[in-house]
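Novice: Pasting a structure here, questions to come.
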Amino acid sequence: MRIVFYSSNSNYFNPDIVHIKTMPSWAQEWGDVAAAFPQHQFVIATMLPAMFLLDYDKHKITKPDGVECHILNGGGAQKIAQEILALKPDVAAAASFWITPYDWLGLQDAMVADILRQNGVKVVCHKAKTQAVCFDKKATGDFLRRNGFKCADSVYVDYDLFWAQRKKPEARDNVYREYVLREIEKLNFPVIIKDTTGLSSYGMEVVHTMGAVRGYLDSKKFNSNRLVEEFLDGPQFGTEIHVTKRGDIMAGQDGAAIDVFPPLLYSVNQYGICSPKQSVKLGPLTTPAFKCQELRGELERLARLLDFEGIAQVDLVFHKDEWHIIEINPRLSGSSAAIALIKGKTLPRILTEFALAACGERPCGGEESGGSNDCGEQSVSARASSAIKKSPLYLNIKFPNLNAEQMRALYDLPYVRYLCQTDNDAAKQRREMGFCEILLGGSPDARVLERQLDEIREKFPEIIEPGFFDTAKKMLDLLRRDNTDRALTRPY
């Protein structure tokens, strides 16, 4: 069988400026998958930066052993689909990533998937309608409320209508503007003002008074549609939902096996927002205080309603003893490689299992990457539930940009499991230059992770970012000290 893993990029990308390096390399991990399934042909068709699929050094691509590699030209869903069809796939699996300013690459990959399906190719990819609902934050909120999920109350502000009187001189009063401001006054403050289509938390602002809201909406910062949303205090989390759809035996009434990974705790910045460039992550957490079984049920329901297929990431907040959904991202995430590792596999292995299942093949022929055999009849959720009770803890922490020698020295530590560094040579501000993040741990005892952090601080004092380390130690200390785990339900 010929399996194509694909992803696209709608931006101009210069590999001479932006560099991404991972340890272990994607070439190693995809090569291992190809070796484990010699009966299949593996093809990677992507566009740079080719996240999760290929390693590159400027314009030079490192080809995994046993895998064909093709760099797509892009130019829209129709052209990309034709390029992939020319590779003659039996099955195609999307490995959608993200890029600023718009988190819409998953939507493009979904449109590609529609064309591939029309041409008789089996595809593992979320539907375009699903991607559209999750891309637009207003549409996401409307969907969540309509289906009974807990989320923050919000007011949508249409930019053109808010300033309609500027274009219509005969309009003396702006009734829409008055209505929107009255609705915002009904919200509980503080509030978050955010773009409806932006990537992650970029550009969000926490505003504490109605006067400050008016000031924002009257300023140059307000230049497109916005959501004014109640700020929900409480610890913030992220998780992934993995949905496998089999082509032969129905795994459930709807044919989907849904695996909800237990949540990872995210640190927040001084404004109470989880920043992707500053966040420390710890988990998985399965403590009774967090009502993880209740969360699992709600996210399984979410997966069915949105008809997920593949990997989707969900941001959450545990507010007033209840789970609330912040954002839904039907694509791979910054936690995908870590979650795969915690599950005892690699991300290429998981993507391969999605593709094999879509063709009705059980992925038990090759070697497992440290995980359990998937040939049993037990459901994915049941297997995950039994494994979660024994789950070790992992910590995802960031460093400033490191040189090659420092990266290798860190990765050589036995408890450092994964490393990924992004360098942006054109950036002028320190925060935009990139960072190196590592995943460490493997013990269920938080005290062991604390000792590992201390050892890193001792061995590499010149590369320590005190803010990240202090946050990590605080998160571990809360987890270690509080037997009831209630400390983690307080913001910090």
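Novice: Under the condition of being at pLDDT below 95 and either under 28 Å from M407 (Cα atoms) or not in a loop (DSSP other than H, G, I, E, B) (or both), which residue from segment 1-20 is least open to solvent (accessible area, probe 1.4 Å)?
Specialist: P15
Novice: What pairs can you find where one residue is in segment 110-136 and in contact (Cβ under 8 Å) with a residue 12 or more places away in the chain, the other is part of a helix (DSSP H, G or I) and hydroxyl-bearing (S, T, Y), and their Cβ atoms are less than 8 Å apart, with a gap of 6+ or different chains?
Specialist: A110/T130; V133/T140; C134/T140
Novice: Could you check E29 against (1) closer than 24 Å to A113 by Cβ; (2) open to solvent by 20 Å² or more (accessible area, probe 1.4 Å); (3) assigned to a loop (DSSP other than H, G, I, E, B) and say which number it fails?
Specialist: Just one mismatch for E29, condition (3).
Novice: Looking only at segment 286-326, how many residues end up being under 27 Å from K127 (Cβ atoms), open to solvent by 20 Å² or more (accessible area, probe 1.4 Å), part of a helix (DSSP H, G or I) and in contact with a Ser or Thr (Cβ under 8 Å, 6 or more places away or on another chain)?
Specialist: Residues flagged as under 27 Å from K127 (Cβ atoms), open to solvent by 20 Å² or more (accessible area, probe 1.4 Å), part of a helix (DSSP H, G or I) and in contact with a Ser or Thr (Cβ under 8 Å, 6 or more places away or on another chain) within segment 286-326 amount to 2.
Novice: Could you give me the residue pairs with C-beta distances under 7 Å whose first residue belongs to segment 343-360 and is among the charged types (D, E, K, R), whose second residue is part of a loop (DSSP other than H, G, I, E, B) wherever it lies, and which are 6+ apart or on separate chains?
Specialist: K343/G371; K345/S369; K345/G370; K345/G371; R349/S369; E353/P363; E353/D374
Novice: Another one. When you go through (1) more than 30 Å from Y266 (Cα to Cα); (2) open to solvent by less than 50 Å² (accessible area, probe 1.4 Å); (3) of a type in the set (D, E, K, R) one by one for R182, which number turns out not to apply?
Specialist: Failed condition: (2).
Novice: Inspect all residues belonging to segment 157-171 and state whether any of them is touching a Gly at 6+ places or on another chain (Cβ under 8 Å) and modelled with pLDDT of 95 or more. It would help to see each step written out before you state the result.
Specialist: Quick first cut of segment 157-171, residues touching a Gly at 6+ places or on another chain (Cβ under 8 Å) only: none.
No, segment 157-171 contains no residue that is touching a Gly at 6+ places or on another chain (Cβ under 8 Å) and modelled with pLDDT of 95 or more.
Novice: So, one more: Just to check your reading of the model, which residue among T196, T209 is among the hydroxyl-bearing types (S, T, Y) and open to solvent by less than 30 Å² (accessible area, probe 1.4 Å)? If you could, list the steps in order and put the result at the bottom.
Specialist: Details: T209 fails: open to solvent by less than 30 Å² (accessible area, probe 1.4 Å).
The conditions single out T196.
Novice: Continuing with the same structure: Can you give me the number of residues within segment 1-57 that are hydroxyl-bearing (S, T, Y), under 27 Å from Q82 (Cα atoms) and touching a residue at least 60 places away in the same chain (Cβ under 8 Å)?
Specialist: The number of residues fulfilling the criteria is 4.
Novice: Now for a separate question. Quick check on this structure: which one of G376, G366 is at pLDDT below 50 and touching a Phe, Trp or Tyr at 6+ places or on another chain (Cβ under 9 Å)? Spell out the reasoning first.
Specialist: Details: G376 fails: touching a Phe, Trp or Tyr at 6+ places or on another chain (Cβ under 9 Å).
Of the residues listed, the single one that is at pLDDT below 50 and touching a Phe, Trp or Tyr at 6+ places or on another chain (Cβ under 9 Å) is G366.
Novice: Would you say E83 is assigned to a helix (DSSP H, G or I), touching a residue at least 60 places away in the same chain (Cβ under 8 Å) and not hydrophobic (A, V, I, L, M, F, W, C)? Give the steps one after another, and end with the answer.
Specialist: Working: assigned to a helix (DSSP H, G or I): yes; touching a residue at least 60 places away in the same chain (Cβ under 8 Å): no; not hydrophobic (A, V, I, L, M, F, W, C): yes.
Judged against the criteria, E83 is not a match.
Rundown of residues vs (1) under 11 Å from A45 (Cβ atoms); (2) touching an Asp or Glu at 6+ places or on another chain (Cβ under 9 Å), yes/no style:
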position: A81; (1), (2): yes, yes
position: A95; (1), (2): yes, yes
position: Q108; (1), (2): no, no
position: K122; (1), (2): no, yes
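Novice: Could you go through segment 455-465 and let me know if any residue there is surrounded by fewer than 20 Cβ atoms within 10 Å (Cβ to Cβ), without any contact (Cβ under 8 Å) to a residue 12 or more places away in the chain and farther than 27 Å from S25 by Cβ.
Specialist: The answer is yes; a qualifying residue exists.
Novice: Please list, ordered by first then second residue, the pairs with beta carbon atoms under 8 Å, 6 or more apart or interchain, first in segment 215-229 and under 16 Å from V191 (Cα atoms), second part of a loop (DSSP other than H, G, I, E, B) and of a type in the set (G, A, S).
Specialist: What qualifies is E229/A152.
Novice: Oh, and also: For the structure I just gave you, tell me whether N73 is closer than 29 Å to E405 by Cβ, part of a loop (DSSP other than H, G, I, E, B) and open to solvent by 10 Å² or more (accessible area, probe 1.4 Å).
Specialist: Details: closer than 29 Å to E405 by Cβ: no; part of a loop (DSSP other than H, G, I, E, B): yes; open to solvent by 10 Å² or more (accessible area, probe 1.4 Å): yes.
Taking the combined requirement at face value, the residue does not satisfy it.
Novice: Quick check, is V228 closer than 25 Å to Y102 by Cβ, hydrophobic (A, V, I, L, M, F, W, C) and buried (at least 22 other Cβ atoms within 10 Å of the Cβ)? Break it down stepwise before answering.
Specialist: Working: closer than 25 Å to Y102 by Cβ: yes; hydrophobic (A, V, I, L, M, F, W, C): yes; buried (at least 22 other Cβ atoms within 10 Å of the Cβ): yes.
In short, yes.
The values are calculated or read from the model by the stated rules, or taken from the named source; none is laboratory data. Please read these numbers as outputs of a predicted model, since none were measured by experiment. Note that we place each Cβ from the backbone using ideal geometry, even for glycine, and neighbour counts take in every protein chain shown. We work out accessible area using only protein heavy atoms, side chains counted, and drop any ligands, DNA or RNA first. Shrake-Rupley method; radii C 1.70, N 1.55, O 1.52, S 1.80 Å.
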